[in-house]
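Worksheet: one structure, shown below.
The values are calculated or read from the model by the stated rules, or taken from the named source; none is laboratory data. Since the structure is predicted, the reported quantities are computational estimates derived from the model, not experimental observations. All Cβ positions, even for glycine, are placed from backbone atoms using ideal geometry, and neighbour counts span all protein chains on display.
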2 protein chains.
Amino acid sequence: MKKIRATVLDVANAAGVSVATVSRAFNKPEAVKEDVRNKVIEIARSLGYSPNPAAKALRLNKTNILAAVIPTLDYAIYAQMINSFQQVINDSGYTVLLLTVGFDNNNIYERVKSVVERGAEGVLIVGKIYDQKLRDFLKEKNIPVVCTYSYEEDPDFAFIGYDNYAITCNIVNYLSDLGHKRIAMVAGPSKGNDRQQARIRAYKETMESHGLADHLLIFESTGGFAVNFGAEVLHKVTSEYPETTALICNSDIFAFGVLSEAKNMGIPVPERLTVIGHDDMEIARLIQPPLTTVSMPVNEMGKQAAQSLLGALADGNPVFGLKLDSKLVVRESSGKPQ
Amino acid sequence: MKKIRATVLDVANAAGVSVATVSRAFNKPEAVKEDVRNKVIEIARSLGYSPNPAAKALRLNKTNILAAVIPTLDYAIYAQMINSFQQVINDSGYTVLLLTVGFDNNNIYERVKSVVERGAEGVLIVGKIYDQKLRDFLKEKNIPVVCTYSYEEDPDFAFIGYDNYAITCNIVNYLSDLGHKRIAMVAGPSKGNDRQQARIRAYKETMESHGLADHLLIFESTGGFAVNFGAEVLHKVTSEYPETTALICNSDIFAFGVLSEAKNMGIPVPERLTVIGHDDMEIARLIQPPLTTVSMPVNEMGKQAAQSLLGALADGNPVFGLKLDSKLVVRESSGKPQ
DNA sequence: CTGAAAGCGCTTACAG
DNA sequence: CTGAAAGCGCTTACAG
């Protein structure tokens, strides 16, 4: 029952020209006499003609599809990044195909492959690609890839992200300078998540460099990024590691859980416990006390990632990488111990 | 330089069969002798063959693409809904094409059209379609459409959403029962946004029904949904309409702004001012005081919307609509006046 | 059970 | 400046 859409032939017949001329009127207008061109375009419009994208893709071997493969949309920083990414892409006549795959990059081979098989000419990924099979696949198919959120010098893929390791070093240094000695980390699941891994590594190594390695305490969530885990950790810390004076949360979500539960338990922040988050979500500055956290330019990341992919596809420009700034935004949830 | 992808002909040649047999081995396996089929599939795999989606789409007149056209991804409820939507869609062998268009549905004709012209077989939209040209276009092309977040009985398009009017009536009734008489509304931009319009209408009419129409006070944001607007409104209210005892915010975002600024200004909530939000974002229950707000099943909405579209496409089932529940979640930000 | 051939809707050398 | 024709990679009646 589907209404047959007008084809190039319909337009040609109605205009009394060949299909070649119709095609040219749209794709190479200067090669068609003006009055013919105008007539064709007018008739095309009146018939509601638009070129069949599948036919075009087949003929030109170009789908104009780019894929965004991300952990989830149910987390503000990814949603925001894709929001920006998508705007640039759509404005460029490309289309964004969206796929969520969770946080473990070890198991994305099939999903990314499927997205390429569905015609994606390029793909945005969050984090690093571990799987050698996937790396080989993408290189062999010559698919431009941009990895976001992390930054690495990688010969094969462009990274547009920030230095997760360095910023976490900064946090530990900041806390150490403040006088904190018992500092714990609340981490997200680190399996297949290089951002978490980098932060954990930074925590360990920087603590060590300050001679604080006798109090390495890492709580790694098993259930993703949930507020509850922050609350859980706070209970554990107060009962089992009460000497702890600072909590580095690798997500604002965890920090919100800690702060909320601290209030319930009557633990003053930052007097008794310093809390640090990560991501600088909008709400971070609105809660009480406002949250000290890490801010990174999420929208910029999305836009640059889009440009990177478009550039690679357009003039065969080598896909470029970019290290963006992240910074520790100090607010009232952090302070000197005691 | 692009690696030529294996075609059905490559597989056929390598297997010593015809392309028809290769195609059948995948699409109608029972019609191919087992050993032949196995050989073909094995060879296809070794060549990394996957069918060209453009060729398939052209031949079958079926793109397997569905579009999500939403205001923005930079707002949790939309991002979450699309997260769920996308999961169901992708699991069904379809692909999600994403496009953001802002909050004003008066101007989405071109964007939705473009998405259909890019091959979308069905489309998810947020809210109601005003534009008659767009309605005609979608009907004429016979494109299944599901409108979300709102609920209406519409002969042309399925709605999977909730009753924005009714829930706002509930809020006003709740406040009136508590003894509030001076109630104001903080609204998002209502132009082209039927959810806001419904809530504003509900506010006006219910206030009237309680004989409170002498204090109709609506603050409509011009700049989208920003925390700042909540703070601004609070200033205006305290200076110009200090008799106000309750603020109905049509977004948690506004409510967060109000709550945060109330704290700064030393205005006790709910003793001096009751604050109500909308959307029940995760953070709503974590702030102080926890926010009374409207909760709706966002993920369910996304899933059902996906099912609706898939159903319409699969067996030509009429697209179904669904009125989902929303409810007022009462927390400590609301109470009796004074 | 298998293959030869047509055709989906486009674009683009090629010829005029 | 324009048209006839080939061909992109598939699937599917049709014939055997």
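Given the criteria near DNA strand C (Cβ under 8 Å from one of its atoms) and either in a loop (DSSP other than H, G, I, E, B) or within 14 Å of chain A (Cβ to nearest Cβ) (or both), does B:ALA20 qualify?
No; evaluated as a whole, the condition is false for this residue.
Residue by residue through the range B:1-17, note down the ones that are within 10 Å of DNA strand C (Cβ to nearest atom) and within 14 Å of another protein chain (Cβ to nearest Cβ).
B:VAL8
What number of residues in the range B:30-75 are of a type in the set (Val, Ile, Thr) and without any contact (Cβ under 8 Å) to a residue 40 or more places away in the chain?
6
Kindly establish whether A:ASP154 is in contact with a helix residue (DSSP H, G or I) (Cβ under 8 Å, 6 or more places away or on another chain), under 30 Å from A:GLY311 (Cα atoms) and acidic (Asp, Glu).
Here the answer is no, as A:ASP154 does not meet what is asked.
Here is a check on your reading of the model: is A:ALA198 under 16 Å from A:ALA246 (Cα atoms) and small (Gly, Ala, Ser)?
no
In the range B:310-338, how many are outside any loop (DSSP other than H, G, I, E, B), farther than 23 Å from B:ASN164 by Cα and in contact with an Asp or Glu (Cβ under 8 Å, 6 or more places away or on another chain)?
1
For B:VAL96, only one of the following conditions fails: (1) without any contact (Cβ under 8 Å) to a residue 40 or more places away in the chain; (2) among the aliphatic types (A, V, I, L, M); (3) more than 13 Å from chain A (Cβ to nearest Cβ). What is its number?
Among (1) without any contact (Cβ under 8 Å) to a residue 40 or more places away in the chain; (2) among the aliphatic types (A, V, I, L, M); (3) more than 13 Å from chain A (Cβ to nearest Cβ), B:VAL96 violates only (3).
For B:THR244, work out the one condition from (1) in contact (Cβ under 8 Å) with a residue 60 or more places away in the chain; (2) among the polar types (S, T, N, Q); (3) assigned to a strand (DSSP E or B) it doesn't fulfil.
(3)
Restricting the search to the range A:41-59, which residues are within 11 Å of DNA strand C (Cβ to nearest atom), assigned to a helix (DSSP H, G or I) and more than 30 Å from B:PRO51 (Cβ to Cβ)?
If the condition is that a residue be within 11 Å of DNA strand C (Cβ to nearest atom), assigned to a helix (DSSP H, G or I) and more than 30 Å from B:PRO51 (Cβ to Cβ), then A:ALA44 is the only one that fits.
Looking only at the range B:1-39, which residues are more than 8 Å from DNA strand D (Cβ to nearest atom), under 13 Å from B:TYR49 (Cα atoms) and of a type in the set (Lys, Arg)?
Result: B:LYS3, single match.
Which one is nearest to the other protein chains (Cβ to nearest Cβ) among residues in the range B:37-83 that are hydroxyl-bearing (Ser, Thr, Tyr) and over 30 Å from the mean Cα position of the chain (by Cα)?
Selected residue: B:SER50.
Out of (1) in the same structural domain as A:HIS235 (by TED's automatic domain parsing); (2) more than 24 Å from the chain's Cα centre (by Cα); (3) assigned to a loop (DSSP other than H, G, I, E, B), what's the single condition that is false for A:VAL258?
That leaves (3) as the condition not met.
Only one of these conditions is not met by B:GLN196: (1) in contact with a Pro (Cβ under 9 Å, 6 or more places away or on another chain); (2) more than 13 Å from B:THR168 (Cβ to Cβ); (3) touching a residue at least 40 places away in the same chain (Cβ under 8 Å). Which number is it?
Checking B:GLN196 against (1) in contact with a Pro (Cβ under 9 Å, 6 or more places away or on another chain); (2) more than 13 Å from B:THR168 (Cβ to Cβ); (3) touching a residue at least 40 places away in the same chain (Cβ under 8 Å), the one that fails is (2).
Yes or no: B:LEU124 closer than 24 Å to B:ALA54 by Cβ and buried (at least 23 other Cβ atoms within 10 Å of the Cβ)?
yes
Could you run through the range A:311-338 and say how many residues are surrounded by 19 or more Cβ atoms within 10 Å (Cβ to Cβ), at pLDDT 95 or above and over 30 Å from B:LEU291 (Cα atoms)?
Number satisfying all stated conditions: 1.
Taking the condition of being out of contact with any Leu (no Cβ under 8 Å at 6 or more places or on another chain), closer than 24 Å to A:LEU58 by Cα and more than 6 Å from DNA strand D (Cβ to nearest atom), how many residues in the range B:41-56 meet it?
The number of residues fulfilling the criteria is 10.
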